[in-house]
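The values are calculated or read from the model by the stated rules, or taken from the named source; none is laboratory data. If you're wondering where the values come from, they're calculated on a predicted model, not measured in any experiment. Cβ atoms come from the backbone with ideal geometry, glycine included; neighbour counts cover every protein chain shown. Ligands, DNA and RNA are stripped out before the accessible areas are found, and what is left, the full protein with its side chains, is counted by its heavy atoms. Shrake-Rupley method; radii C 1.70, N 1.55, O 1.52, S 1.80 Å.
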Amino acid sequence: MTIAKGDKLPAGTLKVAGPDGIRDATTDELFAGKKVVVFAVPGAFTPTCSAKHLPGFVAKADEIRAKGVDSIVCLAVNDAFVMDAWGKAQNVGDKVVMAADGSAEFTRALGLEFDASKFGMGIRAQRFALIVDDGVVQSVHVEAPMKFEVSSAEAVLSQL
């Protein structure tokens, strides 16, 4: 079942890189008591993700935060080292939390996974964005296959 407006995010643990290396970050740590925009990409360093999706959120981070958002989280079914390297390559700094869901457990719990095995990528996250307030989903924006319309930074800004 796919996560929907009004649902509480499932509990889980993601991996994030910090000054002391890779660490666990629970969903409570990332979402409890905060307004958060989380967007997911099928993969770090992939074409649309690197050319449009992540850069859009980096460029619009200040505008998004000005709408009362405490944090922006980029989620991908990649390992934390790849997410960290991708964040550095994209000059993310502290504008976006680069969260790795290496085994797709959180993505599956959201019901937003897809099988990209025919592309040699295994289970991945669909391209989507969620607006979450204190762990409760306020809106869900899932892209149609091969589209990039409803989960962009500009689209999310229009929903805040």
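Points worth noting:
- The residues of region 22-43 that are open to solvent by less than 30 Å² (accessible area, probe 1.4 Å) and farther than 16 Å from Ile72 by Cα, listed by number, are Pro42, Gly43.
- Residue within region 6-15 that is modelled with pLDDT under 95, open to solvent by 30 Å² or more (accessible area, probe 1.4 Å) and more than 12 Å from the chain's Cα centre (by Cα) present: no
- Between Gly102, Gly87, the distinction of being open to solvent by 50 Å² or more (accessible area, probe 1.4 Å), at negative phi and touching a residue at least 40 places away in the same chain (Cβ under 8 Å) belongs to Gly102 only.
- Lone unmet requirement of (1) open to solvent by 60 Å² or more (accessible area, probe 1.4 Å); (2) out of contact with any Leu (no Cβ under 9 Å at 6 or more places or on another chain) for Phe57: (1)
- Within region 76-126, the set of residues being in a strand (DSSP E or B), under 14 Å from Thr46 (Cβ atoms) and at pLDDT 95 or above comprises Ala76 only.
- Any chance Met1 is assigned to a loop (DSSP other than H, G, I, E, B) and either touching an Asp or Glu at 6+ places or on another chain (Cβ under 7 Å) or more than 24 Å from Leu160 (Cα to Cα) (or both): yes
- Summed over region 112-134, residues that are within 14 Å of the chain's Cα centre (by Cα) and either surrounded by fewer than 16 Cβ atoms within 10 Å (Cβ to Cβ) or not hydrophobic (A, V, I, L, M, F, W, C) (or both) total 4.
- Residues of region 60-76 classified as open to solvent by 10 Å² or more (accessible area, probe 1.4 Å) and within 12 Å of the chain's Cα centre (by Cα), total: 1
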